[in-house]
Each structure stands twice: as C-alpha cells, then as structure tokens.
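Participant: Have a look at the structure that comes next, please.
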Amino acid sequence: MVNARLRIDRAVRARAQARRAQREFDVGRTESALDHLSRAISLRPDHLPWRLDYLRRAAEAGDRAGFYRHYDKAVRAGLGTPQLAAMLGTLAQQRQTAKDWREAADVYHHAHRVEPGNRLWKDEYLKLRRLAPDWGFHSLDPSRAWRLDDYPQASSRGLVAPIRNLVFGWIPASAADLEVRFKLNGAVIADTPAVQHVTLPDGNSYLQFSRYLKDMWSYAGAGDVFTVESGGHELPIIGRGTEYRFRSGESRMAELLAKLGDGFVFNRYGRVKPSIQEDAQWQAEIFELYAKLRHDIEDAMGLKLFVFYGTLLGAVRERDFIGHDNDFDTVYISEHSEPAKVRSEFKELCAFLLSRGYELKVKATHTWVKVPGTPHKLDIFYAWFNADNQFDASYGYHGSPLPKSAGFSRFRVARLGELEVPVPANAEAILEQLYGRGWRTPDPGFAHYSTSRKIDRRYHLRTAEVTELHWNQFYRDHEPDRASRFAEFVADRFMAAGTLVEFGCGVGRDGIYFANRGWTAICCDRSPEAIARAEEVLGASGGLPARFGVVDAADGAAVYGFLESHADRLTDAEPLVVYTRFFFHAIDETAQNALIDAVTSALSRDFYLCAEFRTVLDRDLAKAHGAHYRRYIDHEQLAAELRDRWAFTIEHLEAGHGLSPYDGEDPHLARLVAFRPARRPAEAARGRGDLPAGAGEIA
C-alpha cells in the first residue's frame, strides 16, 4: 500500500514538473525548462515521450552535455537508432551554424556510428573535416588516431590523407613547386595547386590541396597504382607508403586515358566529363538560354543578369570557360537592402520564370534553370548592397567586401572562348571579394564550403518558401492523378460520409474523391498554382460539395480564419475528419506543431486526425521525384506527442512498405488515425486564451 502511494506521488510530481517544463518552453526559458523536464524524467524514468522531448529540445538548443546525459538511458529504454541519429544531426547543425567545426564534425561522426547505413552523416563529417584540417588529420580514420610523428618526412615532403573520392593532403609551405599531380600507372590524370595555408599539430605551416576524383574508382582496377606527386617526388599516403594499389575490378585505364586525350577532364565533382571549353554544343545551348533569360528578366522585372562566380572567373582570368566547371553562373543585383525585400524579389523572379514555363530547381541561395531537353543547367544567384552599402552575394564570398560604386553598373565586354558576355567594369575587384586575393591562381580543388566563407543567411529563402516554389512547379507540370490509397483507406473506415478538412491538398485529388463519395470536402494548400488547378477540376465536376482555398498551414491565424469561414459545415458534421497526406513530412516540425495547435484550439468539438507521412526508415530509399525538402518522422514519437500534448486517442497506427507504391518507388510510410474528444467547458475556456483577437471556437 505504501509503495503504491509512493508510485502515485512520484507520478503526480513528475507530471507537475513536465507541465512546468512546458510553460517554461512556451515563454522561451529553455535552460529552466530542460531542468524541469529532466526532473520529471528522474521521477518517471520509464516515460519515453518525456525523454524523447528532452533529447529533441536539448539538440535544438545545442545543449550537448544535457543531450548526452540522457542519451545512453534513451538507448536502453528502446529509442530507435534513426531517431537518435536524427537528433544528433540536429545538434551537429546547431554547432555548425555556430562555426564550431570540430564539435559539429565530432557529432556527425557519432551520428554515423549510431546509424552507419545513412550516408548523410558520413558526407557531412567529411565536409567538415575540410573546415578544420588540423583536427581532421587526427580523425581521418575512426579506427586509428593518426599522429604526425608516424610520418617524420611530412614536414619536408608533404603527406596525403587516405585515398577516397576526395583526395587531399599537404605540402610544406616552403615548397618551391606548388603544383600537385595525380597519377595512375605513372600517367597524369589531374592536377591542382596547393594554396590553402594551414598549421598542423606539429606546429609547421603547410599548404593544403584537394581534388575530387570520384570516377577514378570506375576506371582503375586490379594492378593499377595511384600516386600523388609534388616537387619531383611522390608524397607518402597515410597507411599506404607512397602508392595506393587497386586490388579488385577490371582495369579500364586505356579507356580513361583515351577520354582524357579527347578533352575529357575530372570536373569539380570528380566525374569524367567533356571539358566545357571544348564542348561547342554545350556552349551554344547554355548561351541561348542565357540570352533568353537576360531578355525575359530585364523586360519583366528590370533586373540585369550578368555572369558571376566561376563563369565570371573564367571570362576575366581565362578569357574562356573553366574546363572542369559544369554550369553557367549568373547574378542580378537587387535595388533593395533589407533581407525580407531581397528574398521577396528573388521569390517573385522564380515565380515569374515558372509562369513562363522554365524548369527550375530553387534553393535557398539561388535557382538553377534547366536547358530544355538536356541535363545542362544555368544558375541564377542574387546580390545586393547591405545597410553599410557593401556588396554581398547569396552564396557568400571569401575576401573583403567592396563598397558600392559606379563600377557595378557600368559594363564592358569579355570573352568566353568564341562568345562575348557583358561583365561589370570592376569585375577584377568583384572576383577578389568572391575568391580572395589568390583568385588569379587556378585551383580546381577550390570549395566555397570553407572557414573563409562569409555568408549572411538572413537573405536566404526560408525552407517553406523553397518548398512552395517546388510544389508550384510540380502542380504546373503534373496532371491530377487518381485518389490516393490512403483516401480510400480513410473513406472506407467511416460508416457515413461527413466533413473532411484537408491541409496540403495539392491539386485536390483526394478532396474531390471524398466529395464524390458524398463527403463535404474543405481543402487548402499554400500553393496558389495547386489551388487554381484544383478549382479547374472542381469546376468541370458538376457541382461537387468541395471548397478550395490558399492557406499557409503554419500560420495559426490563417488556419483559425479558414476554419471559422467554414464553421457552418463543421459544427454538425458527423464525422469531422482533419486529413493530411504526404504533408507532415513536407513541413518542418515547428510548422506541424503550429498546425495541430491551431486546429485543436479552434475545434472544441470531437474530430479525427488522419495522416499519412514518410518515416525515419524512408530516409535512404530512392525517390520518384528528385530532391526537395522532406522530413522523416518517427511515427511512434508523433503518436506519443499527440496523446500527451494534445489529448488524442490513437485508434490506428501502422508503418511499412506497400501502403503507397508509385512510379517505381515504394516508400516507408506511416498511417495514423487519432480521435480527439470534445473538450469540457473548462478546457474550452482555457483554449480560448490561445486564440488570436476576434477568433472564436467551432463547437
């Protein structure tokens, strides 16, 4: 009896600490909130959702010590490997944003050890290794702590890291010959200068070099020998002597040498491709696209497009394209200086190009525009003069900023091989800002991703803005498909047709399916292009009971307004279903929680939440539709949060393959059906305190 009372008392105190933690989180006192949540966990160590919440929030706050305090216990409590790796990834990104490269790389390395099958963690670790070469030397191989003492000749001859797709190493800073040559069986297949000054743990100064040679592994086979040479001698390779010998596969050396002799090169990604200096067809196609874009953009928006980054570097330094480059870089200079206005203008430009039928891939810092019918692309970056009247660019720079001057608006003609392009009068000064003082020295291993890069992320498009443009293009180019299997699953689950409220409806295929089955469908999406297409289909359907609207589901006030405008269809609906398919994983967790908060606050009556989304086990699987923002969700964690935070009852939860195969893709998905009962009057009164001014509740 006493033990039972103690257990009840501990549970009551634990819940009180958890509620206190939530209040502290709500007002932004994260450190205090984590302390209270930790106390709740100590009282209820078996309560996995609290431990999950602690780990997630500690990772977001960059509290590595707090994270690892609960990490091992979470593993023993049954927390899944992908969940842990994802939280470690969040922690690493936070340290990366703070430019704590060593710490970030260490956490990515740990994430890779937790989830070795996820290539993302290893790739991020390898990238960060380049940002902290002194630390990276010690961590080149997780199985061994390499020491410079093992290679006494390094200070006089240099050293090469273990051979991978990225081949990098160091030569002494005092070296007379800065050229580094990469050889297969004695034949030079690529070269690069060593230009980046670093100090390694032995206290000596070195010049670091790097070059991607990814396709070397496709051509080299058993018996082939790879060496790295500088200053007339072969450099030692960690763990290999002075030679790396390939031990398996069929050698295709003759084919590789023939291609290199015909003008192929290792491009900046390490692929063996024709040099764009010699590719007349590429030049003609890309230049035709450039000329058309210049005309369309200036005519519609008054913005002048000119060559930039690597293409400007080629025009000024080489008077030709840079052979190992693979694209055509352009930029325009905004007349705005405020981050929000610069972002808005770039988003407007992308929307204009979509309306003209161009195929884009929009990123936070630029968009590429595809040459129709080819794999070739042109990049459009954007630039501006900041509040201090200094020049800045979306992809960053490595030198000292330039003040605004007439040189930016006056143009002269430069050559790209046989082509002529306009470049700013002060092009040389711009290149020194973009690449640093050494811009005149060719460096095939140059990477923008380095510690010298200066970049102002306030000017970058937000994830939601990039995603919106992606889906606008998707809905422009794809005809509405048949209803999803999930729509059929949900409709069959209910005995009678009621009212369906869908967030992230796309072109409305599922909403129209429900309307055809007698439901009242009230659907919304952030994409105006999608809603326009949905209304076209609805208009041709003969008066189905469906309504469509443009709503940002991450905007609580917009969600309230949307629900209130349809209150007459929601109040007496039996059943009332809030429906999302492939939407939760298309928005970040903050937006997801804002949507659930808004819906549960606005609806005081009972309703169902039906959702289908990608799980953490889908992260590494092939996708039918390219790279765009996706979040991989732990379905069990989401179900626990729905229970504990929003008082849902989980009626159905499954995950696996076979739920929605499409175009050769069989994603790992979760299906969730949750019921939220009507709130009692006291709860409804508390809920009203969260509503925006003038908003009511739908009973």
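Participant: Quick test for you: out of SER218, SER155, pick the one residue that is under 18 Å from PHE266 (Cβ atoms), at pLDDT below 95, touching a helix residue (DSSP H, G or I) at 6+ places or on another chain (Cβ under 9 Å) and assigned to a helix (DSSP H, G or I). Walk me through how you get there before you give the answer.
Facilitator: Values: SER155 fails: under 18 Å from PHE266 (Cβ atoms).
Testing whether each residue is under 18 Å from PHE266 (Cβ atoms), at pLDDT below 95, touching a helix residue (DSSP H, G or I) at 6+ places or on another chain (Cβ under 9 Å) and assigned to a helix (DSSP H, G or I) leaves just SER218.
Participant: Sticking with this one: Can you give me the ranges of the strands (runs of 3 or more DSSP E) entirely in segment 240-339 with at least 2 residues that are among the small types (Gly, Ala, Ser) and not assigned by TED's automatic domain parsing to the domain that holds THR227? Explain how you work it out, then say what you get.
Facilitator: Numbers: elements: 264-266, 272-274, 328-333.
So the answer is none; nothing clears 2.
Participant: Of the residues in segment 383-397, how many are in a loop (DSSP other than H, G, I, E, B) and either out of contact with any Lys or Arg (no Cβ under 9 Å at 6 or more places or on another chain) or crowded, with 20+ Cβ neighbours inside 10 Å (or both)? I'd like the intermediate steps shown before the answer.
Facilitator: Initially, segment 383-397 is screened for residues in a loop (DSSP other than H, G, I, E, B), giving 386-389, 394-396.
Narrowing further to those that are either out of contact with any Lys or Arg (no Cβ under 9 Å at 6 or more places or on another chain) or crowded, with 20+ Cβ neighbours inside 10 Å (or both): 386-388, 394-395.
Residues flagged as in a loop (DSSP other than H, G, I, E, B) and either out of contact with any Lys or Arg (no Cβ under 9 Å at 6 or more places or on another chain) or crowded, with 20+ Cβ neighbours inside 10 Å (or both) within segment 383-397 amount to 5.
Participant: Tally the residues that are assigned to a strand (DSSP E or B) and surrounded by 15 or more Cβ atoms within 10 Å (Cβ to Cβ), restricting the search to segment 221-237. Quick ask: steps written out before the conclusion?
Facilitator: Initially, segment 221-237 is screened for residues assigned to a strand (DSSP E or B), giving 225-230, 233-234, 237.
Narrowing further to those that are surrounded by 15 or more Cβ atoms within 10 Å (Cβ to Cβ): 226-230, 234, 237.
Result for segment 221-237: 7.
Participant: Tell me which of these SER450 doesn't satisfy, since it passes every other one: (1) farther than 30 Å from GLY323 by Cα; (2) assigned to a loop (DSSP other than H, G, I, E, B).
Facilitator: (1)
Participant: Then there's this: Would you say VAL599 is touching a Gly at 6+ places or on another chain (Cβ under 8 Å) and closer than 21 Å to VAL490 by Cα? It would help to see each step written out before you state the result.
Facilitator: Numbers: touching a Gly at 6+ places or on another chain (Cβ under 8 Å): no; closer than 21 Å to VAL490 by Cα: yes.
Taking the combined requirement at face value, the residue does not satisfy it.
Participant: Right, another one. Checking ALA190 against (1) assigned to a loop (DSSP other than H, G, I, E, B); (2) more than 21 Å from ARG437 (Cα to Cα), only one condition comes out false. Which one?
Facilitator: The failed condition is (1).
Participant: Is there any pair with a first residue in segment 170-189 that is small (Gly, Ala, Ser) and a second that is assigned to a loop (DSSP other than H, G, I, E, B) whose Cβ atoms are under 6 Å apart and which are 6 or more apart or on different chains, and what are they?
Facilitator: Matching pairs, first to second residue: ALA175/GLY231.
For every residue, the table says whether it meets (1) in contact with a His (Cβ under 8 Å, 6 or more places away or on another chain); (2) small (Gly, Ala, Ser).
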{"position": "ASP149", "(1), (2)": "no, no"}
{"position": "SER156", "(1), (2)": "no, yes"}
{"position": "TRP170", "(1), (2)": "no, no"}
{"position": "ALA175", "(1), (2)": "no, yes"}
{"position": "GLY186", "(1), (2)": "no, yes"}
{"position": "LEU207", "(1), (2)": "yes, no"}
{"position": "ARG211", "(1), (2)": "no, no"}
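Participant: Continuing with the same structure: Given the criterion charged (D, E, K, R) and free of Cβ contacts under 8 Å to residues at least 40 places away in the same chain, identify the matching residue among ARG437, ARG415. Even if it seems obvious, please write down each step before you answer.
Facilitator: Details: ARG415 fails: free of Cβ contacts under 8 Å to residues at least 40 places away in the same chain.
Checking each option against the conditions leaves just ARG437.
Participant: Oh, and also: Applying the selection to segment 188-204, what residues are surrounded by 13 or more Cβ atoms within 10 Å (Cβ to Cβ) and either within 26 Å of GLU124 (Cα to Cα) or at pLDDT 90 or above (or both)?
Facilitator: Here is the first cut: in segment 188-204, the ones surrounded by 13 or more Cβ atoms within 10 Å (Cβ to Cβ) are 189-196, 198, 200, 202, 204.
Correct list: ILE189, ALA190, ASP191, THR192, PRO193, ALA194, VAL195, GLN196, VAL198, LEU200.
Let's see how each residue does on (1) more than 25 Å from GLY323 (Cβ to Cβ); (2) of a type in the set (S, T, N, Q):
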{"position": "THR242", "(1), (2)": "yes, yes"}
{"position": "ALA254", "(1), (2)": "no, no"}
{"position": "GLY263", "(1), (2)": "no, no"}
{"position": "VAL272", "(1), (2)": "no, no"}
{"position": "SER275", "(1), (2)": "no, yes"}
{"position": "GLN283", "(1), (2)": "no, yes"}
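Participant: Tell me, which residue of segment 421-434 that is within 14 Å of PHE391 (Cβ to Cβ) and either among the hydroxyl-bearing types (Ser, Thr, Tyr) or in contact (Cβ under 8 Å) with a residue 60 or more places away in the chain (or both) is surrounded by the fewest Cβ atoms within 10 Å (Cβ to Cβ)? Working first, answer last.
Facilitator: Applying the first criterion (within 14 Å of PHE391 (Cβ to Cβ)) to segment 421-434 yields 424-434.
Within this subset, residues satisfying the condition of being either among the hydroxyl-bearing types (Ser, Thr, Tyr) or in contact (Cβ under 8 Å) with a residue 60 or more places away in the chain (or both) are 424, 427-428, 430-431, 434.
Working: PRO424: 24, ALA427: 23, GLU428: 15, ILE430: 27, LEU431: 22, LEU434: 22.
Among residues in segment 421-434 that are within 14 Å of PHE391 (Cβ to Cβ) and either among the hydroxyl-bearing types (Ser, Thr, Tyr) or in contact (Cβ under 8 Å) with a residue 60 or more places away in the chain (or both), the one surrounded by the fewest Cβ atoms within 10 Å (Cβ to Cβ) is GLU428.
Participant: Follow-up question, since we're still on this one. How many of the residues making up segment 195-216 are among the small types (Gly, Ala, Ser) and either in contact with a Pro (Cβ under 7 Å, 6 or more places away or on another chain) or closer than 16 Å to HIS448 by Cα (or both)? Talk me through it step by step, then tell me what you get.
Facilitator: Filtering segment 195-216 down to residues among the small types (Gly, Ala, Ser) leaves 203, 205, 210.
The next check asks that each one be either in contact with a Pro (Cβ under 7 Å, 6 or more places away or on another chain) or closer than 16 Å to HIS448 by Cα (or both); those that pass are 210.
Adding up the residues that qualify gives 1.
Participant: Can you tell me which residues in segment 465-485 are part of a helix (DSSP H, G or I) and surrounded by fewer than 18 Cβ atoms within 10 Å (Cβ to Cβ)?
Facilitator: PHE474, ARG476, ASP477, ARG485
Participant: In segment 476-496, what residues are touching a Ser or Thr at 6+ places or on another chain (Cβ under 8 Å) and modelled with pLDDT of 95 or more? Spell out the reasoning first.
Facilitator: Filtering segment 476-496 for residues touching a Ser or Thr at 6+ places or on another chain (Cβ under 8 Å) gives 484-486.
Matches in segment 476-496: PHE486 only.
Participant: Related question: Considering segment 437-449 alone, what residues qualify as being out of contact with any Phe, Trp or Tyr (no Cβ under 7 Å at 6 or more places or on another chain) and buried (at least 16 other Cβ atoms within 10 Å of the Cβ)? Before you say what the answer is, go through the steps one by one.
Facilitator: Initial filter on segment 437-449 (out of contact with any Phe, Trp or Tyr (no Cβ under 7 Å at 6 or more places or on another chain)): 437-444, 446-447, 449.
Result: TRP439, PRO442, ASP443, PRO444, PHE446.
Participant: Can I ask one more? Tell me, yes or no, whether segment 408-418 has at least one residue that is over 25 Å from LYS454 (Cα atoms), in contact with a Pro (Cβ under 9 Å, 6 or more places away or on another chain), among the aromatic types (Phe, Trp, Tyr) and not in a loop (DSSP other than H, G, I, E, B). Spell out how you get there, then give the answer.
Facilitator: Our first condition is that a residue be over 25 Å from LYS454 (Cα atoms); within segment 408-418, this holds for 410-418.
Okay, now just the ones that are also in contact with a Pro (Cβ under 9 Å, 6 or more places away or on another chain), so 410-414.
Filter again for among the aromatic types (Phe, Trp, Tyr), leaving 411.
Those still in the list that are not in a loop (DSSP other than H, G, I, E, B) too: 411.
Checked against the condition, which is being over 25 Å from LYS454 (Cα atoms), in contact with a Pro (Cβ under 9 Å, 6 or more places away or on another chain), among the aromatic types (Phe, Trp, Tyr) and not in a loop (DSSP other than H, G, I, E, B), segment 408-418 yields at least one hit.
Participant: State which residue pairs qualify: first residue under 13 Å from ALA86 (Cβ atoms) and inside segment 633-644, second residue assigned to a helix (DSSP H, G or I) and of a type in the set (Lys, Arg) in any location, beta carbons under 9 Å apart, and separation of 6 or more residues or different chains.
Facilitator: GLN637/ARG56
Participant: I would also like to ask the following. Does ALA639 satisfy the condition of being surrounded by fewer than 22 Cβ atoms within 10 Å (Cβ to Cβ), assigned by TED's automatic domain parsing to the domain that holds ASP663, of a type outside the set (S, T, N, Q) and assigned to a helix (DSSP H, G or I)?
Facilitator: Values: surrounded by fewer than 22 Cβ atoms within 10 Å (Cβ to Cβ): yes; assigned by TED's automatic domain parsing to the domain that holds ASP663: yes; of a type outside the set (S, T, N, Q): yes; assigned to a helix (DSSP H, G or I): yes.
It is true that ALA639 is surrounded by fewer than 22 Cβ atoms within 10 Å (Cβ to Cβ), assigned by TED's automatic domain parsing to the domain that holds ASP663, of a type outside the set (S, T, N, Q) and assigned to a helix (DSSP H, G or I).
The values are calculated or read from the model by the stated rules, or taken from the named source; none is laboratory data. These figures come from a predicted structure and were not determined experimentally. Neighbour counts run over all protein chains shown; Cβ positions are idealised from the backbone, glycine included.
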